[in-house]
Amino acid sequence: MAGDIIRLEGMVFYGYHGVTTAEREAGQRFIVDVEVETNLTAAGESDSLQDTVDYTRLFHIVKRVIEGPSRNLLESLAQAIAQETLQSFPVNAVAVKITKPHVPIKGSILTGASVEISRHREG
C-alpha cells in the first residue's frame, strides 16, 4: 500500500472457525492485523476524529466477524472484514491478515498459519 496508513495490529479474538468439527466446536484464538490506506491530511490539520478512520469502529468490525458465525476458511473471514471496512469507511484500500496460531496439522511444528488479502475501492 502507498499513501497514508492506519494499522491495528495484533488483535486477538476467540472464534469457532475451521474445516474440522473439532475446530468449530472447541474454538481457538485468531490474531488479526488490519491496515487501511486513506488520506489523513484533513485529520492531521483539524485534529478531529470526524476527519479520519475511527479505529475503535474498525476494531469492532473485526471483533464482530471473528466472534461471529462459524466459517470454514481464513480467506472467508478476511474477505468479510475487508468488505465491511470498505463499506463503512472512505478508505482507498484495506489489507487484512489473519493468523491461526494453533493449526491442527498432525505432526506439524509451526507457529501458525495465516492468510493476508488486500482489497481496493473500485472506481
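One residue stands out among those in segment 8-40 that are assigned to a helix (DSSP H, G or I) and either modelled with pLDDT of 95 or more or of a type in the set (A, V, I, L, M, F, W, C) (or both): the one that is nearest to the chain's Cα centre (by Cα), which is Ala26.
Here is a yes/no grid of residues against (1) within 27 Å of Thr38 (Cα to Cα); (2) in a helix (DSSP H, G or I); (3) in contact with a strand residue (DSSP E or B) (Cβ under 6 Å, 6 or more places away or on another chain):
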| position | (1), (2), (3) |
| --- | --- |
| Thr56 | yes, yes, no |
| Ile61 | yes, yes, no |
| Ala82 | yes, yes, yes |
| Ala95 | yes, no, yes |
| Leu110 | no, no, no |
| Ser118 | yes, no, yes |
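When residues in segment 3-27 are screened for being among the aromatic types (Phe, Trp, Tyr) and surrounded by 11 or more Cβ atoms within 10 Å (Cβ to Cβ), 2 of them pass.
Looking only at segment 28-53, which residues are exposed (fewer than 14 other Cβ atoms within 10 Å of the Cβ) and touching a residue at least 12 places away in the same chain (Cβ under 8 Å)?
Correct list: Thr41 only.
Arg71 passes every criterion in (1) assigned to a loop (DSSP other than H, G, I, E, B); (2) in contact with a helix residue (DSSP H, G or I) (Cβ under 8 Å, 6 or more places away or on another chain); (3) surrounded by fewer than 19 Cβ atoms within 10 Å (Cβ to Cβ) apart from (3). Only residues that are more than 15 Å from the chain's Cα centre (by Cα) and farther than 25 Å from Tyr14 by Cβ were counted across segment 41-92, and they come to 14.
The values are calculated or read from the model by the stated rules, or taken from the named source; none is laboratory data. Just so we're clear, the structure is a prediction, and the values are computed from it rather than from any experiment. Neighbour counts are summed over all protein chains in view; Cβ atoms, including those assigned to glycine, are modelled from backbone coordinates with ideal geometry.
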